[in-house]
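The values are calculated or read from the model by the stated rules, or taken from the named source; none is laboratory data. Please read these numbers as outputs of a predicted model, since none were measured by experiment. Neighbour counts run over all protein chains shown; Cβ positions are idealised from the backbone, glycine included. Only protein heavy atoms, including side chains, enter the accessible area calculation; ligands, DNA and RNA are left aside. Shrake-Rupley method; radii C 1.70, N 1.55, O 1.52, S 1.80 Å.
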Amino acid sequence: MRQENPSQAVSLLRKAVPLMMKLKIAPTPYNYGVWYTYVSNRNKKLNHLMDSTIQKLGSLPDFVSKELFQEFILDEDLKVNHSQTDQLDHMVDAIESSSNKMSQGLDTLNTSLDKTRKALKSHNRIDNIEKIVRYLEVHSNKASEQTQLFQTSLQEVQNQISSLKNEIEQSKNSSDKDPITNLLNKQGLERYLFSWISTAEDDLSIILIDIDDLSLINKNYGKKIGTAIIRFLGQFLQSKNLENSVTARLDGGTFAILVCEESLSFNSQFAEQIRLQIENQVIRTKRTQEPLPSLTVSIGIATLVGQELGENLLTRAKDNLIHAKEKGGNQVSTN
């Protein structure tokens, strides 16, 4: 990061902090770093990405701030963890070594070719020509062997690069997963919302599903039972396999289904089916097989309106969920 003098730094912070407070940005180190750089206007690409994100979502989600911090602010040598850095160093050393050997082999071959040309001009006897041919054959074979070794080394490096890319991708994906249900977490849902809302019209919806009286279940039966119910509901929702949708667990007993290319009417019917199916489930404790009280959920739905921001869409879905709870729970609310 560029270093300002103390007065410049204070001036930039005085600009950054009010913007963060206005957009309800958490006071984390990476948020400070991103907004400090933003108000300095030193990176046009960063500012453009932040402006377009805020315009679409009404704020700057934490996962976006982290990625911008990684891309534009962190020093390059801090972006990869140490094990991956060591692996890259090893690959570079391997390919450099084999490349040097191949280059040396080709240089030797070129030298032998020059000597061969000179020998052919000054020696015309058949036995001398035979010696020259053997000499040329030896050096061309050596160059061929070293070239093949280089190709083998290059293929090994390409395989390692492919493996490393998969490892990095899996690492990214794991940060978007909820450890209890293996569904997307809140950050993962925000990624999809950010991606889909840019091209969506009035066909993007959020269905929020919350377990009724989860705190009472935890109190009466223990948190292990509550966790088991959360895991069960995650598996149940995942089994629905609704086309053009993703399912996430936000926190506690609250889940979200982000649905694209479906109407509010369709989503309302789909949510009602989910509510009824869950209500009719018979859930027993694993140890005693004792049946638990009927499990019910409350559901709130909101569908994108015009150029609505993602944050507003999620807020409306939460408001509808609260409305369903206030009406007694075990029902679907869309207004």
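Estimated from the Cβ-Cβ distance and a Förster radius of 51 angstrom, the FRET efficiency linking N110 and S175 is about 0.45. For Y135, Y30, the ranking by accessible surface with the largest value first comes to Y135, Y30, using a 1.4 Å probe.
Amide H contacts of K177 (H built 1.01 Å from N, in plane; Pro and chain starts excluded): N185 sit under 5 Å, all sequence-distant by 5 or more or on other chains. Quote the accessible area belonging to I73 in square angstrom, nearest 10, computed with a 1.4 Å probe and with ligands, DNA and RNA left uncounted. Counting only protein heavy atoms, I73 exposes about 10 Å² to solvent.
Using a simple spin-label model with pseudo-atoms 7 Å out from Cα toward Cβ, T315 and Q55 lie 2.0 nm apart.
Evaluating 6.51 cos²θ - 1.76 cosθ + 1.60 at θ = phi - 60° for every residue in region 203-208, the Karplus couplings come out as 9, 10, 10, 10, 10, 9 Hz, glycine and proline recorded as x.
Peptide packing: for 176-186, 294-304, the average count of neighbouring Cβ atoms within 10 Å per residue gives the ranking 294-304, 176-186, highest mean first. Extension gain for the segment K131 to E272, taken as residue separation times 0.36 nm less the Cα-Cα distance, is 41.7 nm to one decimal.
Counted residue by residue at 0.36 nm each, then reduced by the alpha carbon distance between them, the extension gain from E145 to L19 reaches 39.0 nm.
Between L250 and residues 5 or more places away or on another chain, which pairs have amide H atoms under 5 Å apart, with H built 1.01 Å from N, and which residues are they? Placed amide hydrogens put F255, A256 under 5 Å from L250. Using the alpha-carbon centroid of each, what span in Å lies between region 267-300 and region 37-54? Here the answer is 46 Å between Cα centres. Computed from phi, the 3J(HN,Hα) profile of region 277-290 under the Karplus parametrisation 6.51, -1.76, 1.60 (θ = phi - 60°) reads 5, 5, 4, 8, 6, 9, 10, 10, 5, 5, 7, 9, 6, 6 Hz, with x in place of Gly and Pro.
Taking amide hydrogens as placed 1.01 Å from N in the peptide plane, the amide H of T296 sits under 5 Å from those of D212, each at least 5 positions away in sequence or on another chain.
Cβ-Cβ distance of Q307 and I283, R₀ of 41 Å, FRET efficiency by 1/(1 + (r/R0)^6): the value works out to about 0.45. For region 187-192, backbone phi angles converted through the Karplus equation (6.51, -1.76, 1.60; θ = phi - 60°) give residue-by-residue couplings of 4, x, 5, 4, 4, 5 Hz, Gly and Pro being listed as x.
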